[in-house]
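Asks: Questions regarding the structure given below will be posed in turn.
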Amino acid sequence: MLLVMPIEIRPPREDEQERVNFVVAYSFTGDRTAAGREHMRHVEDMAPALCLYDGGELMAALRVYPLRMSVNGAMIGMGGVSSVSCLPEQRRKGHVGRLLRQALSDMRAAGRPLAALYTPHPSLYRKFGWMTASGNLKYTWKPKSVAPYNSAPAAGRAQRLREEEWPLLAGVYARFAAGRTGYIERPERWWKEAVYRVLYDPERKLNDVAAWMDGDAAGGYMTYSSQRERRGPGGEVHTFFIREFIALTSSAYVGLLRFALSHDLADEIGWHGPLDDPLALAVDDAQQVKREWVDDYMLRVVDVEQAIGARPPALGAPEGAFTIEIADAAAPWNQGAWRIECAGGKLSAQKAAGPGDLATDAATFAAIYGGFLRSTDAARCGLAEAGNHEAALLADRILASDYAPYGSDFF
Ligand SMILES: CC(C)(COP(=O)(O)OP(=O)(O)OC[C@H]1O[C@@H](n2cnc3c(N)ncnc32)[C@H](O)[C@@H]1OP(=O)(O)O)[C@@H](O)C(=O)NCCC(=O)NCCS
């Protein structure tokens, strides 16, 4: 008798982890050997895998980092989806779609009402309810072509910090993230593996870190690395690459900017900074700062009720309610009409009778929820229907993000 083994989706056993490494490393052109797995052991520990087996054979895998991400300052449980991989001979059979659906159900059960990811294939994930919900500007400038407009000496001094001094940075980061959208909560391990180092760098090289100290207090910090790369016939370009630049005070902002400019050998300085950062205006000639828009994380609302309940409304949002009808095939518990109410400075969502004031799909709703897309704009470009324009205007004000959503960490 022929025994047919069904498709099985589950976490890998310990003795299956090596095969997971092979499938992921193969898909991302990484190192598939045992040594390669060792170099990525931190990722294996930090982001458990979910795998699809067909006939007992591993076909596809993904990883989910258990994280929390800020929305208007509130840290909300979020699954950071990464390493999504399928063996090439098994692609376009729906394996990854099955894995994503299961991962959504698992995240909901684990109390993570949001999911985020970074990808070069936005159309794939949009089918499963993710939507681009943040952006950054790639700022590039020549250090010798600008100076800070504020020429007064900045109070304090730059001090390079070692890895053990991460709590100093953590204090600055937490104060900066308060009120903002897209900042992830960083435990000690995250500071060491993903801030002091680049998360997917197998060499685990240390980044440089400098804080701006005013007395004993850190007013800001910059993490950075210096890179040399061959670019065309022009030869080698030396880039001072800022990985994170956070300043709570003007002395930290101007002081750290001057610190970056003082790296004399750099041909250019690069930084993927927030869309609403004042950098170009903080220097004497804004036109010397090249700015290119880059799409950032994609967001998914895993559980509408929990996600709305955890999200603060925009500052000064009016009280009131609107209904929104959401089409969500990949997370059917979200499907249907919801009444979203802003009362007493809090939001709540309850199932309601349709039709809604607004109607849209899960992906568009994610961008609206994250304060990246206004409901009225979604309706204006055909991504939503707004039968009730007043309700759409109310949704715009309630679900706005007080700062431009910004992906503080790649995973
Ligand atoms: C991208 C990848 C994960 C897709 O896996 P897969 O098992 O072939 O995906 P599925 O068959 O489940 O496809 C699900 C849907 O996404 C679509 N899709 C698949 N690959 C896609 C791609 N590269 N770009 C856009 N859409 C894609 C499919 O057409 C399908 O749509 P449908 O349901 O309307 O038919 C796989 O090709 C892979 O491992 N690539 C290399 C690594 C990689 O790029 N990973 C993703 C990084 S974020």
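Asks: Can you name the residue in segment 56-72 that is more than 16 Å from the ligand (Cβ to nearest atom) and surrounded by fewer than 17 Cβ atoms within 10 Å (Cβ to Cβ) and is also farthest from Ser105 (Cα to Cα) among such residues? Working first, answer last.
Replies: Filtering segment 56-72 for residues more than 16 Å from the ligand (Cβ to nearest atom) gives 56, 66-72.
Pick out the ones that are also surrounded by fewer than 17 Cβ atoms within 10 Å (Cβ to Cβ) and you get 56, 66.
Values: Gly56: 22, Pro66: 14 Å.
Only one residue tops the list, namely Gly56.
Asks: Which ones in segment 1-53 are touching a strand residue (DSSP E or B) at 6+ places or on another chain (Cβ under 8 Å) and farther than 26 Å from Arg189 by Cβ?
Replies: Result: Met5, Ile7, Glu8, Ile9, Tyr26, Leu52, Tyr53.
Asks: Restrict the check to segment 35-55 and report whether at least one residue is within 15 Å of the ligand (Cβ to nearest atom), within 28 Å of Ala178 (Cα to Cα), crowded, with 16+ Cβ neighbours inside 10 Å and not assigned by TED's automatic domain parsing to the domain that holds Glu185.
Replies: Checked against the condition, which is being within 15 Å of the ligand (Cβ to nearest atom), within 28 Å of Ala178 (Cα to Cα), crowded, with 16+ Cβ neighbours inside 10 Å and not assigned by TED's automatic domain parsing to the domain that holds Glu185, segment 35-55 yields at least one hit.
Asks: Moving on to the next point. Restricted to segment 294-351, and to residues that are aromatic (Phe, Trp, Tyr) and over 22 Å from the mean Cα position of the chain (by Cα), which residue is farthest from Arg180 (Cα to Cα)?
Replies: Filtering first and then ranking leaves Trp333.
Asks: Go through segment 315-324 and report how many residues are crowded, with 17+ Cβ neighbours inside 10 Å and more than 18 Å from Asp357 (Cα to Cα).
Replies: 1
Asks: So, of the residues in segment 273-300 that are acidic (Asp, Glu) and in contact with a helix residue (DSSP H, G or I) (Cβ under 9 Å, 6 or more places away or on another chain), which turns out to be surrounded by the fewest Cβ atoms within 10 Å (Cβ to Cβ)?
Replies: The first filter runs over segment 273-300 and keeps only residues acidic (Asp, Glu), leaving 276-277, 284-285, 292, 295-296.
Still in the list and also in contact with a helix residue (DSSP H, G or I) (Cβ under 9 Å, 6 or more places away or on another chain): 285, 295.
Values: Asp285: 12, Asp295: 15.
Taking the candidates together, the pick is Asp285.
Asks: Continuing with this model, one more query. If you take the residues of segment 35-50 that are of a type in the set (A, V, I, L, M, F, W, C) and under 23 Å from the mean Cα position of the chain (by Cα), which of them is farthest from Tyr125 (Cα to Cα)?
Replies: Looking at residues that are of a type in the set (A, V, I, L, M, F, W, C) and under 23 Å from the mean Cα position of the chain (by Cα), I get Met40.
Asks: Quick check on segment 102-147: of everything there that is charged (D, E, K, R) and away from the ligand (no atom under 16 Å from the Cβ), which residue is surrounded by the fewest Cβ atoms within 10 Å (Cβ to Cβ)?
Replies: Step one: list which residues in segment 102-147 are charged (D, E, K, R), which gives 106, 108, 112, 126-127, 138, 142, 144.
Filter once more, keeping what is away from the ligand (no atom under 16 Å from the Cβ): 106, 108, 112, 138, 142, 144.
Values: Asp106: 17, Arg108: 18, Arg112: 24, Lys138: 13, Lys142: 14, Lys144: 11.
Here the answer is Lys144.
Asks: Kindly check whether there is at least one residue in segment 357-376 that is out of contact with any Leu (no Cβ under 6 Å at 6 or more places or on another chain) and at pLDDT below 95.
Replies: No, segment 357-376 contains no residue that is out of contact with any Leu (no Cβ under 6 Å at 6 or more places or on another chain) and at pLDDT below 95.
Asks: Hey, can you tell me all the residues within segment 1-34 that are of a type in the set (A, V, I, L, M) and surrounded by 16 or more Cβ atoms within 10 Å (Cβ to Cβ)?
Replies: Of everything in segment 1-34, those that are of a type in the set (A, V, I, L, M) and surrounded by 16 or more Cβ atoms within 10 Å (Cβ to Cβ) turn out to be Ile9, Val20, Val23, Val24, Ala25.
Asks: Filter segment 75-100 down to the residues that are buried (at least 16 other Cβ atoms within 10 Å of the Cβ) and more than 10 Å from the ligand (Cβ to nearest atom) and list them by number.
Replies: Met75, Ile76, Gly77, Met78, Gly79, Gly80 - these are the residues of segment 75-100 that are buried (at least 16 other Cβ atoms within 10 Å of the Cβ) and more than 10 Å from the ligand (Cβ to nearest atom).
Asks: What are the residues in segment 1-42 that are in a loop (DSSP other than H, G, I, E, B) and in contact with a Leu (Cβ under 7 Å, 6 or more places away or on another chain), if any?
Replies: Of everything in segment 1-42, those that are in a loop (DSSP other than H, G, I, E, B) and in contact with a Leu (Cβ under 7 Å, 6 or more places away or on another chain) turn out to be Ile7, Pro11.
The values are calculated or read from the model by the stated rules, or taken from the named source; none is laboratory data. What you see is a predicted model; the values in this text were computed from it and never measured. Heads up, the Cβs are rebuilt from the backbone with ideal geometry, glycines too, and the neighbour counts pull from every protein chain shown.
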